[in-house]
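The values are calculated or read from the model by the stated rules, or taken from the named source; none is laboratory data. Predicted model, so just to flag it, every value in this text is computed and none were measured. Positions of Cβ are backbone-derived with ideal geometry, glycine not excepted, and every protein chain shown enters the neighbour counts. Quick note on the areas: whole protein, heavy atoms, side chains included, nothing else; ligands and nucleic acids left out. Shrake-Rupley method; radii C 1.70, N 1.55, O 1.52, S 1.80 Å.
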Amino acid sequence: MAVNPAEEKLKERIKELTCMYEVTSIIVNCDYDQMEDALKGIMRCLQKAFRHNKDAHIALVTDQYSMKTDHFPQRNVALKSNVEVFNKKVGYIQVAYPSPSYAVSNFLLEEKKLLQNICMEVGNLLERKQIKDKEDLVKRKMEHTDRLSILGEITAGMAHELNTPLANILGFSELLKARIKEDSEANRDLDKIINSAIFSREVVKKLMFFACEMPQQMDLVNIVPIVSDAFNLMQPSLKSKKIKGELSFSGESIFLRVDAIQLTQVVFNLMLNAIYFAPQRSVIRLFITEKEDGVEMLIEDQGPGIAPSIREKVFEPFYSTKPTGEGSGLGLSVVHGIVKSHRGTIEYRPNIPKGTIFVIQFPKK
């Protein structure tokens, strides 16, 4: 029985419209956390819409996803259309038949238009996902900034409240020690009190650094000798762990308006942190690069890196992954506070193949 061309064309048109409806439904109800499932669903809809759907195979490839239907033929004839996100090509969708059983002539003109429309819809879906991801990132950063701001206010108050009693403990302990001449045991106890008070005073000082409560002496200085001196002071710590330290500058002189003492504190804390986590016989690199609008500081280590579960906490005061007694949890908080007070930014990223890179940007103005 002869096939009615008009009837055949109507059937294909119904399949195309059904495909567009189903794809639209998938996109409207898409959970962005389940993007792969949504894209696979779109591929199934597209496969059903083609005239020889039992032999049709689909490939969807983008900069983030790569998937094909089972038994995708290596030898094939195919229709292919690009997927664009914000007018930039990021991948393609391909519909293929096995060859030599099929030829390009087996594809309908309407099927080519359908594929182009599906690619456009997939591009729109990926655009919306990118927008949502950026919004989520901005929201997390704002929440993190707000949390650090509140913690800064709390720690500033704590530092001021603790400073006076600690000064009294230290002062009266030293006076009492001067009065006690013979009792060696009492003297040893007083030494413990004095040492504990000094340690506590240093913790308070770090709290004040974090809260940006320390007075700053901002001057336009050549930071090359400042960073070099701080880096050289870390050599004994590097040698004790058999770690190689490398320091480089983009020029012989790099001028920046900073508090020299606080800049030294930044280098110390980041280097100490890198040395603690870096394995023996690894390399820690410190790069200082002058750019048009500022100065960039990179510190690279080859340690275990920062686990995703703690990435939001690394700059919070008192948070530490070190064993109890080996860290106050204030080192990176102090660095964050100093960088912020210099109107700079600090972030970190993985060091490939392993480790962490801390990136600090200081503005020139």
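A few remarks follow.
- The set of residues in the range 233-251 that are assigned to a loop (DSSP other than H, G, I, E, B) and of a type in the set (Lys, Arg) comprises LYS241, LYS242.
- When residues of the range 87-119 are limited to those that are part of a helix (DSSP H, G or I) and out of contact with any strand residue (DSSP E or B) (no Cβ under 7 Å at 6 or more places or on another chain), the one surrounded by the most Cβ atoms within 10 Å (Cβ to Cβ): LEU114
- Among the residues making up the range 252-269, those that are β-branched (Val, Ile, Thr) and either open to solvent by 60 Å² or more (accessible area, probe 1.4 Å) or in a strand (DSSP E or B) (or both) are VAL258, ILE261.
- Inside the range 25-43, residues that are open to solvent by less than 60 Å² (accessible area, probe 1.4 Å) and part of a helix (DSSP H, G or I) make up a count of 10.
- PHE86 vs. criteria farther than 20 Å from THR69 by Cβ and of a type outside the set (D, E, K, R): yes
- Restricting attention to the range 240-251, the residues that are surrounded by 17 or more Cβ atoms within 10 Å (Cβ to Cβ) and either more than 17 Å from LEU298 (Cα to Cα) or in contact with a Pro (Cβ under 7 Å, 6 or more places away or on another chain) (or both) add up to 1.
- Looking only at the range 271-291, and only at residues there that are assigned to a strand (DSSP E or B) and without any contact (Cβ under 8 Å) to a residue 60 or more places away in the chain, the one that is surrounded by the most Cβ atoms within 10 Å (Cβ to Cβ): ILE284
- Flag if VAL122 is modelled with pLDDT of 90 or more and part of a helix (DSSP H, G or I): yes
- Applying the criterion of being at pLDDT 70 or above and basic (Lys, Arg) to the residues of the range 165-200, the residue that is least open to solvent (accessible area, probe 1.4 Å) is LYS177.
- In the range 225-232, the count of residues that are touching a helix residue (DSSP H, G or I) at 6+ places or on another chain (Cβ under 9 Å), assigned to a helix (DSSP H, G or I) and of a type in the set (Phe, Trp, Tyr) is one or more.
- Members of the range 313-347 that are among the acidic types (Asp, Glu) and modelled with pLDDT under 80: GLU316, GLU326
- Of all residues making up the range 102-142, the number that are β-branched (Val, Ile, Thr) and touching a residue at least 24 places away in the same chain (Cβ under 8 Å): 3
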